[in-house]
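Here's the structure, in structure tokens; my notes come after.
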Amino acid sequence: MNTISLKVFQGIGRYGVLLALVALILFGWLRYENFLGAFNVLSVLRYNSMFALVALGMCFVIITGGIDLSVGSTAALGSVVAALLSPYGVVPGLLGGLAAGLAVGACNAFIVTRLNILPFIATLATMLAASGCALLLANNQSVSVSYETGFVELGQGDLLGFPIPAWIALIAFLLGSLVLNFTSFGRTVLAIGGNEDAARLMGLPAQRVKALVYLASGGLAGLAGVILAAQFGAGQPIEGVGWELFAIAAVVVGGTLLTGGVGSVGSTLAGVLLLGLIFNILNFENGLGWISLSAYWQSVIRGAFLLLVVAIQARLSMRTEEAA
Amino acid sequence: MSDTATTLPPAAQRAPRFGVRNILTRYGSWIALVLLILVNLAITPNFATWQTFNVNLTQVCAIVIVGVGMTLVIATGGIDLSVGALMAIAGAIAPLIFLGKLFPLPHPAIGIALAFVVPVLIAAALGWFNGWLVTRLSIQPIIATLVLFIAGRGIAQVFTNGNLQVFNLPSFQFIGLGRVFGIPFQAILMIVIVAAAAWMLRRTVFGRQILAIGGNERAARLSGIPVAFVKQRVYLISGLLSGIAGLIVIARNSAADANLVGLGMELDAIAAVAVGGTLLTGGRATVIGTLVGALIIQLVRYTLLANGVPDAAALVAKAAIIVLAVWLQRQSQR
């Protein structure tokens, strides 16, 4: 693909997801009472902030042309560590979960960049290992967090009328967007995904940047785990199953190419909200009483949505390739 | 590995490179399997019994059958994440048929026959759909099969409303519980499938085409190989085998739970393929290696469990095995 068709493709990916999101919100606003009420909006944001953090890390990893399958069980591990440390206060819980995530991220970085193993298989292995560690630490059951130290505020509290987890996700996305668009690190990330060999030959620190990207993805997943523990009042060693694929779907729906080199942090956020709203709208629709779709329809609709998006993307890229 | 089918020219394939490292990388999985068996004979009580043999064999059957399909898909340079979801679909539909919930049955025997055929055909059709997405829409395999990974289990849950379907039907459950001369029928089925796939990969034009596509797709296309056709067939086979595995799992459990059947199977199958020595980038594959890989993973888990190590620690061990196996594989390519 030449640069012009890439730009066209990127533009459609970027604005397509925003258009779809706006359309979905309009649909909900017109159809349901209280859809845009403060309670619903804030609870959607609160719940989806965990997925947003995970998807942000995934977005960076995918832009480098890699993939991180370990994020779900890393979040589970982070939630267990945070819950175990929550009696000592907010900060130890937060840092503990973050450190657990960074540790898994460091393993990924080492296996991918030093042992030169495909990201897919490397992170598949650490996914199993992190899950095993979470189960071992938690003794195969969920670990309840301490309600005395205020740790749960990280998931359930508000600041200036806005949920704290949503603040965390918002700040992370702003930072992520700045890093990707305005720093040499961000440009190196894009360059690696575009053509890793060329990036290396140009003297860009490809291995170091890749290692940092996996580290960041692990850290963000750990942070998501902290929020998970705080929000549900327990560290959950078996939570997070399928989060990685949800995150990948959100990134892809946001128009980031899985082959790397192209991507946007903002549209990843839109992708997360889009997939999250599907569940929300399903609930409202059931509330109307016209139809009754079980929660199981959620995944069917999400899958159909993903199919629609990738099919459109595929058609567009075929057309741009023909035009080029 | 002697059964390794590759696209390398014969000269390069036969070029002998001696040394410990070479032997370790070529026969590593076999050596590991033999070592594991020896260690178990030494330390695990009651290891050399018929029962232990059967337990371990039945534990790997579903993984190996799915793994065979996965091996073929990976040999073309693809991946199939939807296998677990397809197992759930097949496992949800079969009881609906033989319990007569989908349509009235004229005769129970017809119900059982249909319960074998229809779910497997549906799984195969969905597998073909994966292949269609990959070839006609040029969607990357990981994303194309992600669609059914997400939607497939939901479809199975919608079909059954998420309910557990319990049944007791020996003639259907023969596929999971039956024995022939004391050997579990599912193990025989597994061996037949492995043998057929290994033969196909090595001896048939179709098998060579699979490897050629995985080795260099562009070259394969230019040399006149019907790439789209071969890929669609490969995903179809993967779906079909997932369907069979789904039937085995529900027959073994005497119950079908759409929430659990095949959960995480895609990862188990990929792990078995990787440990078995199939190149994850395609072009070199060994079906028997996948069998060995699955046996290694199962035996490590069994060894740890039988010696009082918690199951969670076995997960960490499994991760280490996967990394080690793939790392050794990389060393051999240098």
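What follows draws every value from the coordinates through simple rules; no lab data is involved. Keep in mind that this is a model prediction, so the values were computed, not measured. We place every Cβ from the backbone using ideal geometry, glycine too, and count neighbours over all the protein chains shown.
Fewest neighbouring Cβ atoms within 10 Å first, the residues A:Cys107, A:Cys59 line up as A:Cys107, A:Cys59. Exposed loop chymotrypsin sites (Phe, Trp or Tyr not before Pro) only (DSSP loop, at most 16 other Cβ atoms within 10 Å): please give the longest stretch of chain A free of them, not including the sites. In short, A:1-146. Residues within the reach of a label modelled at B:Val34 (point 7 angstrom out along Cα to beta-carbon, backbone nitrogen below 19 Å), restricted to region B:300-324, are B:300. Residues A:Asp68, A:Asp158, B:Asp257, ranked from the fewest to the most other C-beta atoms within 10 Å, line up as A:Asp158, B:Asp257, A:Asp68. Under 1.5 on a/c is rounded, so check that first for chain B, then, if it is not, pick prolate when a/b is larger than b/c and oblate when it is not; a ≥ b ≥ c are the square roots of the alpha carbon gyration tensor eigenvalues. It is oblate, given that a/c is not under 1.5 and a/b is not larger than b/c. Rg then Dmax, both in Å and based on the Cα atoms of chain A: 19.7, 63.
Overall, the ratio between the Cα radius of gyration of the protein assembly as shown and 2.2 N^0.38 Å, rounded to two decimals, is 0.95.
Annotation: for a label point projected 7 angstrom from Cα along Cα→Cβ of A:Ala295, residues of region B:157-185 with backbone N closer than 19 Å are B:157-165. Legend: ranking of residues B:Arg221, B:Arg284, B:Arg301 from fewest to most surrounding C-beta atoms inside 10 Å; resulting order B:Arg221, B:Arg301, B:Arg284. Taking every full run of DSSP H in chain B, the ones that stretch at least 18 Å from end to end by Cα along their long axis and average 0.0 or higher on the Kyte-Doolittle scale are B:20-43, B:50-75, B:83-98, B:108-136, B:141-160, B:185-203, B:227-253, B:287-306, B:311-333. Between the beta carbons of A:Val41 and B:Asn259, assuming R0 = 41 Å, the FRET efficiency works out to 0.85 to the nearest 0.05.
Please say if region B:41-106 is rounded, prolate or oblate, where rounded means a/c under 1.5 for a ≥ b ≥ c the square roots of the C-alpha gyration tensor eigenvalues, and otherwise the choice is prolate for a/b larger than b/c and oblate otherwise? It is oblate, given that a/c is not under 1.5 and a/b is not larger than b/c.
Distance between the modelled labels on A:Leu19 and A:Glu153, one decimal in nanometres: 4.5 nm (7 Å Cα→Cβ projection). Once the Cα-Cα distance is subtracted from the 0.36 nm per residue extended length, the B:Phe174 to B:Ala109 segment shows a gain of 22.0 nm. Helical content alone sets the calculated 222 nm signal of chain B at -25000 deg cm²/dmol, taking -39,500 (n - 2.57) per DSSP H segment of four or more residues and averaging over every residue. Taking the helices alone, chain A has a mean residue ellipticity at 222 nm of -25000 deg cm²/dmol, built from -39,500 (n - 2.57) per DSSP H run of at least 4 residues and averaged over all its residues. By its C-alpha gyration tensor, with a ≥ b ≥ c as the square roots of the eigenvalues, how is region A:206-322 shaped: rounded for a/c under 1.5, else prolate for a/b larger than b/c, else oblate? Cα axes put region A:206-322 in the oblate bin. Helices assigned as whole DSSP H runs in chain A whose Cα atoms extend at least 18 Å along their own long axis and whose mean Kyte-Doolittle hydropathy is -0.5 or higher are found at A:3-31, A:38-63, A:71-85, A:90-109, A:119-138, A:164-182, A:206-232, A:265-288, A:297-323. Loop-located chymotrypsin sites (Phe, Trp or Tyr not before Pro) across region B:167-223 with a Cβ neighbour count of 11 or fewer within 10 Å are B:Phe181, with loop assigned by DSSP.
Maximal additional length on extending the A:Phe162-A:Ile312 stretch stands at 50.4 nm, based on 0.36 nm per residue less the C-alpha distance.
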